[in-house]
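K.L.:
One structure follows; several queries about it will come next.
The values are calculated or read from the model by the stated rules, or taken from the named source; none is laboratory data. These numbers come from a predicted model, not from an experiment. All Cβ positions, even for glycine, are placed from backbone atoms using ideal geometry, and neighbour counts span all protein chains on display.
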Amino acid sequence: MMKIKNNEIKCPVEKTLNIIGKKWAVLIIRDLLVEKKRFGQLLVSLSGISPRTLSSRLDDLEENGILTKKIFPEIPLHVEYTLTKRGKNLHYILDQMGKWGASFK
């Protein structure tokens, strides 16, 4: 996914969905709202996601300023993912989605 420019999409809902609407993106954000995580931790937490898809979603979210990736130069490679301020601001949206989803029995 390419970074979305402010003048490309006029509808704010469409802008939001273009950034967080791909499968797994919201669940990645959910996990990172709790604490920073390594790639392997996310892979375990998101049962069913492939490493390739996880890598792609992380790249998309990083490109759009939702998370940052910190690489530690050690062997094996150690990479941590953390939400940016913009990413942390999605807490309210995820909280509301959780409340809405909980209303279904």
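K.L.:
If I filter the range 15-37 for residues that are of a type in the set (Ser, Thr, Tyr) and in contact with an Asp or Glu (Cβ under 9 Å, 6 or more places away or on another chain), do I get at least one hit?
P.N.:
No: the range 15-37 contains no residue that is of a type in the set (Ser, Thr, Tyr) and in contact with an Asp or Glu (Cβ under 9 Å, 6 or more places away or on another chain).
K.L.:
Okay, next question. What are the pairs with Cβ atoms under 6 angstrom where one residue, in the range 79-105, is within 24 Å of Leu43 (Cα to Cα) and touching a residue at least 60 places away in the same chain (Cβ under 8 Å) and the other, located anywhere, is surrounded by 13 or more Cβ atoms within 10 Å (Cβ to Cβ) and of a type in the set (A, V, I, L, M)? Sequence gap at least six, or different chains.
P.N.:
If the second residue must be surrounded by 13 or more Cβ atoms within 10 Å (Cβ to Cβ) and of a type in the set (A, V, I, L, M), the pairs left are Leu90/Ile29.
K.L.:
Surrounded by fewer than 16 Cβ atoms within 10 Å (Cβ to Cβ), of a type in the set (A, V, I, L, M, F, W, C) and within 24 Å of Gly101 (Cβ to Cβ), is that true of Leu33?
P.N.:
Details: surrounded by fewer than 16 Cβ atoms within 10 Å (Cβ to Cβ): yes; of a type in the set (A, V, I, L, M, F, W, C): yes; within 24 Å of Gly101 (Cβ to Cβ): yes.
Spelling it out, Leu33 is indeed surrounded by fewer than 16 Cβ atoms within 10 Å (Cβ to Cβ), of a type in the set (A, V, I, L, M, F, W, C) and within 24 Å of Gly101 (Cβ to Cβ).
K.L.:
Report those helices (runs of 4 or more DSSP H) wholly inside the range 1-95 carrying at least 2 residues which are touching a strand residue (DSSP E or B) at 6+ places or on another chain (Cβ under 8 Å) and at pLDDT 95 or above.
P.N.:
25-34, 39-45, 51-63
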